Amino acid sequence: MPTDRPAPVPDFLYGTAWKEDRTPALTELALRMGFRAIDTANQRRHYFEAGVGQGLAAAYRAGLVTRADLFLQTKFTYRDGQDHRLPYDPDADLSTQVAQSMASSLEHLGTDHVDSYVLHGPASGYGWTDDDALVWAAMGKERDAGRTRLLGVSNVSLGHLEQMQAAGAETPAYVQNRCFARRGWDRGVRSFCAERRIVYQGFSLLTANPEILRHPLVGGIAARENATPAQVVFRFARAVGMLPLTGTSDSEHMVQDRASHALTLSPDEVRTIESLSG
Ligand SMILES: NC(=O)c1ccc[n+]([C@@H]2O[C@H](COP(=O)([O-])OP(=O)(O)OC[C@H]3O[C@@H](n4cnc5c(N)ncnc54)[C@H](OP(=O)(O)O)[C@@H]3O)[C@@H](O)[C@H]2O)c1
């Protein structure tokens, strides 16, 4: 292990996508507001990972947190998901690209290891390919070398996960998916994860589910709990075992998102929300 005390187990992830020049300040603000787990990616098209590192450095300087207080998660992104600002040599083989991307992430984040390293998405929407197997093995080598504690996959279907398992690939610690209520809140993938103690990370919980935020049941619970519909959705997500992400840029929403854990939902309410549009 790269550190002598275990990294904290996150209960909420602060997401840093699409923040561009505001990334350093918003990362620092999220830490100031109590977030201790940060999600990013070495994909300059959607993330400014070096800006996350600047925000972390500012928080360390201010004495807000130390590296050991934090859970840092980043991702390896295939060439197809990148723009021209690549963190690796596009002509290198995939294993080398993984090693180069990881080295660049560690430099951006000012650390010698991350807590979770995620394959941003499989090479094909239709299955777990030989390229994925190569990349996954290379990510495993990064873990074995101590540069990440855990591994994850993102943007995967149940089919991907089943094929990954059938191919004998190591089971991920995390699955990170966009979570649509109208698809049963990704029910099939979530139950695959639950059976294998894989932690399901849900993103776009608010933006993918406007109909849930408007639903009278959710509005009623929010009124009773003196909370907002967004907080009810985050509380629900945790009640069904998800590790939620929020990408809010608003300090008040940061406070509300974290405070959502204090809401009370009955088992019946959780079941009803789970089946609202599934
Ligand atoms: N693996 C992937 O491919 C992938 C893809 C997309 C995202 N992600 C990760 O997931 C993170 C989150 O992305 P996301 O799509 O879930 O969220 P997002 O696009 O960052 O947006 C969250 C939205 O919810 C609003 N919001 C948050 N808390 C709220 C509250 N309490 N009340 C009202 N509105 C609230 C935010 O508005 P305000 O800013 O005004 O609060 C914002 O419009 C990203 O930053 C990234 O790290 C990963």
- Message: How big is the dipole moment of the chain about its Cα centre under a simple scheme where the beta carbon of each Lys and Arg is +1, that of each Asp and Glu is -1, and everything else is neutral? Debye, nearest 20, please.
- Response: 660 debye
- Query: Between LEU64 and VAL255, what is the FRET efficiency for a Förster distance of 25 Å, r being their Cβ-Cβ separation, to the nearest 0.05?
  - Reply: 0.95
- Mind telling me which of TYR60, TYR200, TYR78 comes out most flexible in a GNM of the chain, alpha-carbon contacts under 10 Å? TYR60
- In whole percent, the Cα-Cα distances of the chain spread across 5 Å bins from 0 upward as 1, 6, 13, 16, 18, 17, 14, 9, 5, 1, 0, 0
- Message: Just to be sure I understand the model, the point goes 7 Å from the Cα along the line to the Cβ. What's the resulting ARG187 to ASP21 distance in nm?
- Response: 4.7 nm
- Dipole of the chain, positive end: most advanced residue of VAL189, VAL153, THR74 [Cβ charges, Cα centre]: VAL189
- Item | Max mean-square fluctuation residue, GNM over the chain, Cα-Cα springs under 10 Å, options ASP257, ASP80, ASP144 | ASP80
- the stretch 138-227: C-alpha pair distances exceeding 23 Å, %: 39 percent
- With Cβ to Cβ distances under 9 Å as the rule, what net charge do the other residues near THR171 carry (K, R +1; D, E -1)? +1
- Message: Give the separation of the Cα centroids, the stretch 214-267 to the stretch 82-134, in Å.
- Response: 33 Å
- Place the peptides 179-185, 228-234 in order of packing, highest mean first, counting for every residue the other Cβ atoms within 10 Å and averaging per peptide. 228-234, 179-185
- Helix-only CD estimate at 222 nm, as mean residue ellipticity for the chain, using -39500 (n - 2.57) per DSSP H run (n ≥ 4): -12000 deg cm²/dmol
- Message: Full-extension gain between ASP89 and ASP131, please, as 0.36 nm times their residue separation minus the C-alpha to C-alpha distance.
- Response: 13.5 nm
- Query: If you take the beta carbon distance between ARG271 and THR207 as r and set R0 to 41 Å, what does 1/(1 + (r/R0)^6) give as a FRET efficiency, to the nearest 0.05?
  - Reply: 0.95
- Query: Among ARG147, ARG45, ARG214, whose mean-square fluctuation peaks in a Gaussian network model of the chain (Cα, cutoff 10 Å)?
  - Reply: ARG214
- Hey, how much of the P(r) for the stretch 195-278 falls beyond 19 Å, as a percent of Cα pairs? 33 percent
- Message: Rg/Rh for the stretch 1-112 to two decimals, with Rh computed the Kirkwood way over all alpha-carbon pairs.
- Response: 0.98
- Which of ALA222, LEU26, GLN165 sits closest to the plus end of the dipole of the chain, meaning its Cα is farthest towards the positive end, when Lys and Arg get +1 and Asp and Glu get -1 on the C-beta? ALA222
- Message: I want to check the label-to-label distance for LEU217 and LYS141. Put each point 7 Å from Cα in the C-beta direction and report it in nm to one decimal.
- Response: 4.9 nm
- Message: With a cut-off of 8 Å between alpha carbons and a minimum separation of six or more residues, what is the relative contact order of the chain in percent?
- Response: 17 percent
- Place +1 on the Cβ of every Lys and Arg and -1 on the Cβ of every Asp and Glu in the chain, take the dipole about the Cα centre, and give the residue among VAL98, PHE48, GLY140 whose Cα lies farthest towards its positive end. PHE48
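The numbers here are math on the coordinates, done by the rules we state, and not lab data. A quick note: this is a predicted structure, and the numbers were derived from the prediction, not measured. When we count neighbours, we look across all protein chains shown, and the Cβ atoms used for this are built from the backbone with ideal geometry, even at glycine.
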